[in-house]
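Reading through the structure tokens given below for one structure.
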Amino acid sequence: VQLQAFGGGLVQAGGSLTLACAASGDTFSPYAMAWFRQAPGKEREFLAGITWRGGDTHYAASAKGRFTISRDNAKNTGYLQMDSLEPEDTAVYYCAARGSSTIATIPDRYIYWGQGTQVTVSS
């Protein structure tokens, strides 16, 4: 499975962005997917995950209430809707998928990664 993340950009504080993660090469459906981010000098941080049917989601504290993860298996695409963005959200955002239907919060549990998309939030 190849993943491509896109939709990042520059946004003012308080604004919104929607990231997308397009999968190709194999069916996306059996895999749980997640979004991570990594700021300069920091470790890769789990943000949100979703099971392959979309019936269960899990959010990190930093994302809960502001970010919404979803997926459309018919389109082989996952999404991360981000609202009320803050300068602290500035990072490279990655989508990932793992060979299991369940969510994991540890990056090493994911075997497929997108290339990352930069999100910059100005104050």
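The values are calculated or read from the model by the stated rules, or taken from the named source; none is laboratory data. In this text, all values refer to a predicted model and were calculated from it rather than measured experimentally. Here Cβ is always computed from backbone atoms with ideal geometry, including for glycine, and neighbour counts include all displayed protein chains. Side chains are part of the model used for accessible areas, which takes the heavy atoms of the whole protein and leaves out ligands, DNA and RNA. Shrake-Rupley method; radii C 1.70, N 1.55, O 1.52, S 1.80 Å.
Listing for the model above:
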quantity	calculated
Residue check for Phe36: at pLDDT below 95 and crowded, with 21+ Cβ neighbours inside 10 Å	no
The range 84-123, residues that are of a type in the set (A, V, I, L, M) and either at pLDDT below 95 or open to solvent by less than 50 Å² (accessible area, probe 1.4 Å) (or both)	Leu85, Ala91, Val92, Ala96, Ala97, Ile103, Ala104, Ile111, Val119, Val121
Elements of type strands (runs of 3 or more DSSP E) in the range 69-123, at least 2 residues being under 14 Å from the mean Cα position of the chain (by Cα) and of a type in the set (Val, Ile, Thr)	117-122
Residue within the range 43-54 that is small (Gly, Ala, Ser) and under 22 Å from Ser123 (Cβ atoms) present	no
